[in-house]
1. Using a probe radius of 1.4 Å on heavy atoms only, what accessible surface per residue do you get for the chain? Whole Å² is fine.
2. Exactly which GluC sites (Glu not before Pro) in the range 261-332 are in a DSSP loop and have at most 11 other Cβ atoms within 10 Å?
3. Can you sort 392, 246 by solvent-accessible area, 1.4 Å probe, largest first?
4. Which value, in Å² rounded to 10, gives the accessible area of residue 99 with a 1.4 Å probe and all protein chains present?
5. Give, in nm to one decimal, the length gained when the segment between residue 392 and residue 86 is fully stretched (0.36 nm per residue of separation minus the Cα-Cα distance).
6. Find the relative contact order for the chain and round it to a whole percent, using C-alpha pairs within less than 8 Å whose residues are 6+ positions apart.
7. Sequence gap at least 6, Cα distance under 8 Å: using those rules, report the relative contact order of the range 324-463 to the nearest whole percent.
8. Report the gain in length on full extension from residue 347 to residue 154: 0.36 nm times residue separation, minus Cα-Cα distance, nm rounded to one decimal.
Amino acid sequence: MGHLNNQYMGLYTDFYELTMAQGYFECGKKDQQVTFDYYFRTNPYKSGFTVFAGLYDFLELLQDFQYSDDDLLFLKDQGVDAKFTDYLKNFHFGGTIHSVNEGEIVFPNEPLLRVEGNIIECQLIESLLLNILNFESLIATKAYRIKLAAEKKIFADFGLRRAQGLGALHASRAACIGGASSTSNVLAGKLFNIQVSGTMAHSWIQSFDNELEAFRAYAKTHPKNTILLVDTYDTLKSGVPNAITVAKEMEQNGECLIGIRLDSGDLAYLSKKARKMLDNAGFEKVQIIASNQLNEYVIKTLLKDQNASIDAFGVGTELITGKDNAALDGVYKLAEIDGEPKMKFSENIEKVTLPGKKKVVRYVDEEGKFYRDGILLDNEDPMAIETLYHPVYPEKNTGIKGLQGESLFSKVYEKGKILIDKKTPPEIHAYLETRAALLPDEHKRFISPHIYKVGTSDRLLNARITLTNKIKRYTS
């Protein structure tokens with residue numbers, strides 16, 4: 001089986017990107033200058049928002065989007081023409097990318113990246129872009145929903161063993177952008193400067209003659225970070241009493257038990273019983289950590305409806321896999337060629353794209369809260385816009401005259417160089433928190449969240465109508 005050590009990323013694409021690129025090359029189109037937009041159509045998890053993530057990972061991989069001699073031989077074996085592989089020998093993406101900030105709160109159908117360059121380079125990077133941004137945004141959104149449910153309680157990413165292969169690395173990064181305080185994934189911790197955490201599995205307990213002996217051995221080897229898993233045999237009759245015994249022994253040695261972990265059973269009932277037992281023994285500061293098939297809904301009902309005595313959570317499968325959504329439906333659409341607006345036309349009006357070079361402006365209300373997002377042509381003055389129109393049903397519109405607008409786009413990549421600073425996932429999460437604080441609460445609720453309105457300017461709407469009529473004349 002192959003590995004990725006020292007592997008250029010040029011082959012990290014769908015084959016049809018290469019067949020189209022070769023076609024552009026042979027048709028004399030290689031120098032055409034184009035604009036592509038990246039956006040998604042639906043918020044995942046029936047959420048009222050999405051967290052944008054994966055930007056810096058994508059930009060770093062983009063710098064390695066080249067072809068080795070061995071890569072080019074492989075392409076020749078797949079039937080790619082030799083003249084085109086000669087063209088790819090010195091290939092690198094030399095275009096320009098504008099993007100919203102990583103960690104931004106974003107919404108369906110608004111451009112999140114604007115990619116500009118020649119048609120071959122912009123086409124070849126499509127699959128890489130979609131792969132990284134769709135996946136990390138999906139997981140970061142799930143993680144932030146868990147953060148909202150947990151409120152001031154912390155949660156850790158425990159998902160490595162349930163993740164989809166090496167996607168676990170980017171998933172752990174995205175989970176921490178969304179709000180996980182740490183990860184069990186040690187390699188992700190190293191690569192992305194994330195705090196790692198972990199205690200023990202049931203196999204540790206089972207490897208000793210009895211539970212108490214196992215607890216004592218663990219406390220001896222990890223005296224500064226002892227968290228004991230108490231549900232291997234019987235949580236309340238064995239696990240918690242043995243943990244209390246070890247806690248007393250540690251106290252005599254000037255050490256302290258950090259916490260116990262519950263990984264099965266009725267977490268609300270067991271946590272409240274365990275809390276009472278610990279408190280009665282004088283260990284009010286020992287934390288109770290819960291794991292076992294948790295998600296935002298389970299955490300919310302544990303804390304809000306059942307008053308569970310849980311201080312922290314370990315979340316695995318449902319976080320790292322993005323359950324119940326398998327993917328974010330992000331797309332990458334051509335918007336302009338050599339200054340001429342282009343659009344995808346469809347009988348399904350919701351799939352008709354917006355033509356031309358565009359930007360996104362966020363308008364805020366009198367209290368400074370997010371109010372509307374506007375999709376404008378790039379040369380439009382945001383403060384001159386008085387009305388935003390629904391992109392599909394323009395009879396629905398909103399007045400924004402006099403409201404302050406903030407452009408969400410900034411240049412992040414140009415001529416092979418990343419133009420933004422690299423930030424750790426906790427730093428990106430801190431930015432997310434500042435932005436989410438400006439999103440009205442009705443958009444954050446889990447059940448039937450209020451729909452955040454995204455509209456287009458009058459000029460952009462008219463540009464689409466004009467191009468639609470032109471396409472209809474051409475195809476009639």
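The values are calculated or read from the model by the stated rules, or taken from the named source; none is laboratory data. Small disclaimer: the values here were computed from a predicted structure and weren't measured. A quick note on method: Cβ atoms are made from the backbone with ideal geometry, for glycine too, and the neighbour counts reach across all protein chains shown. Heads up: the accessible areas ignore ligands, DNA and RNA and are worked out on the full protein's heavy atoms, side chains in. Shrake-Rupley method; radii C 1.70, N 1.55, O 1.52, S 1.80 Å.
1. Numbers: 22470 Å² over 476 residues.
Heavy-atom accessible area per residue stands at 47 Å².
2. On the way: sites: 284, 296, 318; in loops: 284.
Here the GluC sites (Glu not before Pro) that fit, given the DSSP loop and packing criteria, are 284.
3. Working: 392 25, 246 0 Å².
Correct descending sequence by accessible area is 392, 246.
4. Roughly 0 Å² of residue 99 is accessible to a 1.4 Å probe.
5. On the way: separation 306, 0.36 × 306 = 110.16 nm, distance 4.44 nm.
So the extension gain works out to 105.7 nm.
6. On the way: 932 pairs, mean separation 96.3, N = 476.
This gives 20 percent for the chain.
7. Details: 196 pairs, mean separation 35.1, N = 140.
Once normalised by length, the contact order is 25 percent.
8. Working: separation 193, 0.36 × 193 = 69.48 nm, distance 4.73 nm.
Extra length from residue 347 to residue 154 when fully extended: 64.8 nm.
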